[in-house]
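S.K.: Shown below is the structure under consideration.
Every number here is computed from the coordinates shown, using simple stated rules; none is lab data. Not measured: the values here are computed from a predicted model. In this analysis, Cβ positions are derived from the backbone assuming ideal geometry, glycine residues included, and neighbour counts consider all displayed protein chains.
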Amino acid sequence: MKILTKSGDTIEFLASPSEDSLTRGDYILIIDGDKSLLAQVIDVEYADVPGILEDALRELASESMSIRNFDPYEVGSILMDVKDSRRIIAKFRGVIVDGALRNDVIWLPSRFNSRIEKASPELISELSNTYGRRRLLLGECMNGIMAINAEDLDGRLTIITGKKETGKSYLTKVLIASLAEYGAKIVVLDINGEYLGLSQNLDGSSSSIADKHVILVPGENFKVSVEDAGLKVMTDVLQHILLTPATSIREFIRTWSLVKRYEGRVSLRKLIEAVGRAQMHESVREALMSRLLTLSETGFFDDENPTRLEEVLNSKRVGGIFVVDLSRSLSQTRKMIVEFLLSKLSSLLREGAIDPLFLVAEEAHLYLRETYWDDLVTRMRHTGIFPIFVTNQPDSIPETVYRQADNIFLFNFTNESDLNYIAKASRVDADTVKRIAKMLPPRHCLVIGKVVNDLPVVVKVKEIRLKTMGETRLLFKQRSA
Amino acid sequence: MRQVAQPEIEGFESIFKSFLQTGRRSLSLAQGAHSGDLQAEDLAQNDWPLQLVEQVKERAVSAIRIPLEGAVERQVVAIDTSSIIVAAGRSGVAVGVRGSVAVRNELGLEVQRIGPFIAYLTHENLPEILGSILGEFTPLEFSDYRLDGSIQKILAGLLEKRIQEYVVRRFRDSIILLDGSLSAGPLDNPLWLVSRILDEAKPGGNDVLAFSKTSILQFWASVFTEDRLGVEPPYLVDMTWLIEEIEMKVKVLGRTYLARLGSGLNIFRVDASTSRRIEEVFGSLLRSDPLIYGYPEILILAHDYCTFTRSDVIAIQSILRRFGAEFFKASSIRDILFNPLDGEWRR
């Protein structure tokens, strides 16, 4: 392999086809003296060999002929190598000086005297390692083991994205299972019921995290009182989810205060009674009454036996995965539950009633109010909610959120506009995102960000024995069996 | 197509055994050689004396029509070679040379590439290497050969002769097309060798036609026009009398024609050595092989398959590198020395 060019942060190499096979994401070391340049392969193309068009046309034209060669010096085999030589496109990732990776060193190795070799997985693992002692095994990278530190997810904003059936949920389960084993608490907003089986292994036996797995089914073992929700959450629900007019909201706030003052405690039943009795315009009464009855019909509100969220969360002292099953809820109810949950978690954290936690939000655009995105990645993060967004529609997450993301786990995308969207906002150059992500096989992801010390790596996500329940249910699978 | 069963084209290892041995041995001398500018083979071009032109203009010349009706399809074999200087050192040059034989018959088209052969030519080993191409018995006057700009052409010419000899011995009842002329005398066309090839072609019923793309004879096409001759292509004009009339350093074996085979403006010099009537041979050629701009396609194919591409040169240079040759673009030395910073285009 020889260095061909370096332009900006792009380095191109010329390689013979017989050399070590390289794949996108692999690292190359260019060693010259006591320094080494580290570059990551983002693409492999045919080299622009002089006269290749002429050769190719000639071979094409001679397909119908019988061609025989007497080639005493076996130039033909060298020629095949020449014609098949590869142009390896790589991105500069830094210079290794005294064992440390540095980006501030301006240095170029010799084109002809440097030694070029594939970097070892151990070196990449060492360079991408950060300070931390809670190792979280992700899978394989360059045929070696790839682990990150759980501390690098702590307090961070993480995004897991890729097209359907590429392994996003699978990785999410790997991450949360490991985090829980380290004592972290994770609330999962489960829209597809994919996280309900984590207490079981594939063979039906009890999993290692079974005792940390709690399923919260809204309306069944997860009910709240309106008092617990509070006036702000209730007005937000009425205003943003049930689209209540402003006049009616004002009447609701007045009614809430009256009930509180005269009854000492607010409940949904008392609010409905008060709205029925109070003096207000009939249209306002009708608007409020219909919406309060809708809230009542969700079954999520139970003023007599509400779930004490802090008690649920604190019930697991050494880590827990709290799955809020949204799969059976209607769209409006889902939004209501999330509105309550986020508000409640924030207030509990502010009060110090619960420990900081991770919040896994799959396809959050389906239940997260637009104004909540910024709240989640700024204010709530400071109070102790560390979001992990999982989506197959990258543009459903605002660009500003990507810009603030500390870690991105990027699975395959073939759609150019999806790649462009991520490329312009992620922590790595657009070329890397576009060229690598486009060709990633299933269960392989490009890891970008703090977890890998800003050294992008392609990881094959490890297999887990947990019952994942993420597979699509098929109609015809049963027929072919 | 009347077809005689033809032999397999093979046996090159033994035919070129001597050349391969001396060539391989010479490569050990390539240490320190560097890449040279890729040189095309030179083409000599002379002017005709004005007096002769005036004389000939007055001469009665008739055309030979080529009848296509009743012409017999025959096997056509084309031979060509190509050479290239791939490196130059203090004591000599490394030359790559390759030949090709293209055969068209009722079975289809077959191309045999022979080579490339590689040799490092020095003043000292030149006689041995040139001699080795032609085999054991080589009555070449070695003192006539110089290591100068013509040497790659000579090397290609001698290889071509060797392949021609092989083909005329092996093939029967074929029209054998050569690139160039049947002129004997230049160093790459020894008289005895050209004569031998043509003599050996005849017993097998082969007809030899040598097409020259760039001949000073083509000038006469502007004198002997279709209007003057009163014919439509395809036709021939016998020019042997002109060759015999003028004093030339070379001897042309066979007869020489101007051939306009297609309807375009292209006209070629063709030297022919045949025991058949010339119009019969050309009729068969036109029946058996398509024309590209009035030139036999199979000769173009033979040329294409021996010509060196840039990839070929890279591959040959990589072989020479094993023998210690260094490669860089020779012309860039000037830039390195005199225009080190920004003078790429300044001279």
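S.K.: Roughly speaking, what % of Cα-Cα pairs in region B:81-138 are separated by over 13 Å, rounded to a whole number?
M.R.: Percentage above 13 Å: 68.
S.K.: Here is a further query. Could you size up the charge dipole of region A:336-392 around its Cα centre, putting +1 on the beta carbon of Lys and Arg and -1 on that of Asp and Glu, and report it in debye to the nearest 20?
M.R.: Rounded to the nearest 20 debye, it is 160 debye.
S.K.: Among A:Ile28, A:Met80, A:Gly94, which residue has its Cα positioned farthest towards the positive end of the charge dipole of region A:17-95, with +1 placed on the Cβ of Lys and Arg, -1 on the Cβ of Asp and Glu, and the dipole taken about the Cα centre?
M.R.: Of the listed residues, the answer is A:Gly94.
S.K.: On a C-alpha basis, how far is the centre of region A:239-282 from the centre of region A:346-368 in Å? Whole number, if you could?
M.R.: Region A:239-282 and region A:346-368 have Cα centres spaced 28 Å from each other.
S.K.: If you don't mind, there's one more thing I want to ask. Could you pull out which residues in region A:197-223 have an amide N less than 20 Å from a spot 7 Å beyond the Cα of A:Arg328, following the Cα-Cβ vector?
M.R.: The answer is A:197-200, A:213-223, whose backbone nitrogens lie closer than 20 Å to the label point.
S.K.: Let me ask something else. I'd like the mean, over residues of A:73-82, of how many other protein chain beta carbons sit within 10 Å of each residue's own Cβ.
M.R.: Averaged over the peptide's residues, the number is 6.
S.K.: Could you give the nm distance between label points at A:Leu202 and A:Asp431, where each point is 7 Å from its Cα heading toward the beta carbon?
M.R.: Calculated label separation equals 3.9 nm.
S.K.: Something else now. If I model a spin label at A:Ser120 and A:Glu263 as a point 7 Å from the Cα along the Cα→Cβ vector, what separation in nanometres do I get?
M.R.: 7.1 nm
S.K.: Just for the protein assembly as shown, what percent of DSSP beta bridges are antiparallel, to the closest 5?
M.R.: 70 percent
S.K.: With the dipole of region A:220-284 worked out from charges on the C-beta (+1 for Lys and Arg, -1 for Asp and Glu) around the Cα centre, which of A:Val233, A:Phe222, A:Leu258 lies farthest toward the positive end?
M.R.: A:Leu258
S.K.: Take each of the peptides A:177-183, A:80-86, average the number of other beta-carbon atoms within 10 Å over its residues, and list them starting from the highest.
M.R.: Ranking, from highest mean packing down: A:177-183, A:80-86.
S.K.: For A:Ser315 and A:Asp81, calculate 0.36 nm times their separation in residues minus their Cα-Cα distance, and state this gained length in nm to one decimal.
M.R.: Taking A:Ser315 through A:Asp81 to full extension adds about 77.7 nm, to one decimal.
S.K.: For region A:183-264, how big is Rg over Rh, using alpha carbon atoms and the Kirkwood form of Rh?
M.R.: 1.19
S.K.: Another question, if that's okay. If you take every residue apart from B:Cys306 with its C-beta less than 11 Å away from the C-beta of B:Cys306, what net charge results, scoring Lys and Arg +1 and Asp and Glu -1?
M.R.: Within the 11 Å Cβ shell, the charges total -3.
S.K.: Using square roots of five times the C-alpha gyration tensor eigenvalues, list the equivalent-ellipsoid semi-axes of region A:291-360 in whole Å, biggest first.
M.R.: Value: 24, 14, 12 Å, ordered largest first.
S.K.: How big is region A:432-471 by Rg and Dmax over its Cα atoms, in Å?
M.R.: So, for region A:432-471, Rg and Dmax equal 12.4, 34 Å respectively.
S.K.: Kindly state, to the nearest 0.05, the FRET efficiency for A:Leu243 paired with A:Ser296, given R0 = 22 Å and r defined as their beta-carbon distance.
M.R.: 0.80
S.K.: Follow-up question, since we're still on this one. Considering every residue in B:98-109, what mean count of other chain Cβ atoms within 10 Å of its Cβ is obtained?
M.R.: Mean shielding by partner chains, rounded to a whole number: 2.
S.K.: Please compute the Kirkwood hydrodynamic radius of region A:236-365 from all pairs of different C-alpha atoms, in Å with one decimal.
M.R.: 16.6 Å
S.K.: What is the gain in length, in nm to one decimal, between B:Asp173 and B:Lys213 on full extension, counting 0.36 nm per residue of separation less the C-alpha to C-alpha distance?
M.R.: Between B:Asp173 and B:Lys213, full extension yields an extra 11.9 nm.
S.K.: What does the protein assembly as shown give for Rg and for Dmax, in Å, if only its C-alpha atoms count?
M.R.: My reading of the Cα-based Rg and Dmax gives 42.6, 136 Å.
S.K.: Still on this model: Could you give the Stokes-Einstein D for region A:280-438 in µm² per second, using the C-alpha Kirkwood radius, 4 °C, 1.567 mPa s? Kindly include the intermediate steps, with their values, before the conclusion.
M.R.: Values: Rh = 18.2 Å.
It comes out at roughly 71 µm²/s.
S.K.: OK, next. Would you mind pulling out the separation of the Cα centroids of region A:96-125 and region A:1-48, in Å?
M.R.: If we compute the Cα centre of each part, the gap is 11 Å.
S.K.: What is the extension gain from A:Thr23 to A:Arg102, computed as 0.36 nm multiplied by their sequence separation minus the C-alpha to C-alpha distance, in nm to one decimal?
M.R.: 26.0 nm
S.K.: Something else about it: Go ahead and run the numbers for FRET between B:Arg310 and B:Ser263, Cβ-Cβ distance against an R0 of 45 Å, rounding to 0.05.
M.R.: It comes to 0.80.
S.K.: Additional query: Might you report the magnitude of the Cβ-based charge dipole of region A:201-328 about its Cα centre, with Lys and Arg at +1 and Asp and Glu at -1, to the nearest 20 debye?
M.R.: Value, rounded to 20: 460 debye.
S.K.: Note down the net charge around A:Val428, summing +1 for each Lys or Arg and -1 for each Asp or Glu among other residues with Cβ under 15 Å from its Cβ.
M.R.: On the way: positive: A:Arg24, A:Lys91, A:Arg93, A:Arg403, A:Lys424, A:Arg427, A:Lys434, A:Arg435, A:Lys438, A:Lys450; negative: A:Asp9, A:Asp43, A:Asp406, A:Asp429, A:Asp431, A:Asp454.
Net of charged neighbours comes to +4.
S.K.: Now for a different question. Roughly what would the spin-label model give for A:Glu463 and B:Glu69, points 7 Å off Cα along C-beta, in nm?
M.R.: About 8.1 nm, to one decimal.
S.K.: Can you figure out the FRET efficiency of A:Ser110 with A:His365, using R₀ = 60 Å and their beta-carbon distance, to the nearest 0.05? Walk me through the numbers before you get to the answer.
M.R.: On the way: r = 51 Å, r/R0 = 0.86.
Given R0 = 60 Å and the Cβ-Cβ separation, E is 0.70.
S.K.: So for chain A: antiparallel DSSP bridges make up what percent, rounded to the nearest 5? Walk me through the intermediate numbers first.
M.R.: Working: 53 of 83 bridges.
In chain A, approximately 65 percent of DSSP beta bridges are antiparallel ones.
S.K.: Do the sum for the protein assembly as shown: with -39,500 (n - 2.57) for every DSSP H run of n ≥ 4, divided by all residues, what is the mean residue ellipticity at 222 nm, to the nearest 500 deg cm²/dmol? Let's see the in-between values first.
M.R.: Values: 27 runs with 268 residues, N = 828.
The per-residue figure over the protein assembly as shown is -9500 deg cm²/dmol.
S.K.: So for each of A:320-327, B:66-73 I average, over its residues, the number of other beta carbons within 10 Å; can you give me the resulting order with the highest mean first?
M.R.: Details: A:320-327: 23.0, B:66-73: 13.6.
Averaged packing, sorted descending, gives the order A:320-327, B:66-73.
S.K.: So, one more: Place +1 on the Cβ of every Lys and Arg and -1 on the Cβ of every Asp and Glu in region A:247-344, take the dipole about the Cα centre, and give the residue among A:Asn314, A:Thr333, A:Leu293 whose Cα lies farthest towards its positive end.
M.R.: A:Asn314
S.K.: In a shell of Cβ-Cβ distance under 15 Å around B:Arg260, excluding B:Arg260 itself, what net charge do Lys and Arg (+1) and Asp and Glu (-1) give? Don't jump to the answer; show the numbers that get you there.
M.R.: Numbers: positive: B:Arg65, B:Lys213, B:Arg228, B:Arg269; negative: B:Glu226, B:Asp227, B:Glu232, B:Asp238, B:Glu279.
Charge balance near B:Arg260 sits at -1.
S.K.: Once you compute Rg and the Kirkwood Rh from C-alpha atoms, what is the Rg to Rh ratio for chain A?
M.R.: Using Cα coordinates only, the ratio equals 1.11.
S.K.: About its Cα centre, what dipole magnitude does chain A give when the only charges are +1 on Lys and Arg Cβ and -1 on Asp and Glu Cβ, stated in debye to the nearest 20?
M.R.: 1300 debye
S.K.: Please average, across the residues of B:305-317, the number of beta carbons from any other chain that are within 10 Å of each residue's own beta carbon, and give a whole number. Please report the intermediate quantities before stating the final value.
M.R.: Numbers: counts 5, 0, 2, 1, 10, 7, 13, 7, 3, 10, 11, 4, 2.
Per residue, the average neighbour count from other chains is 6.
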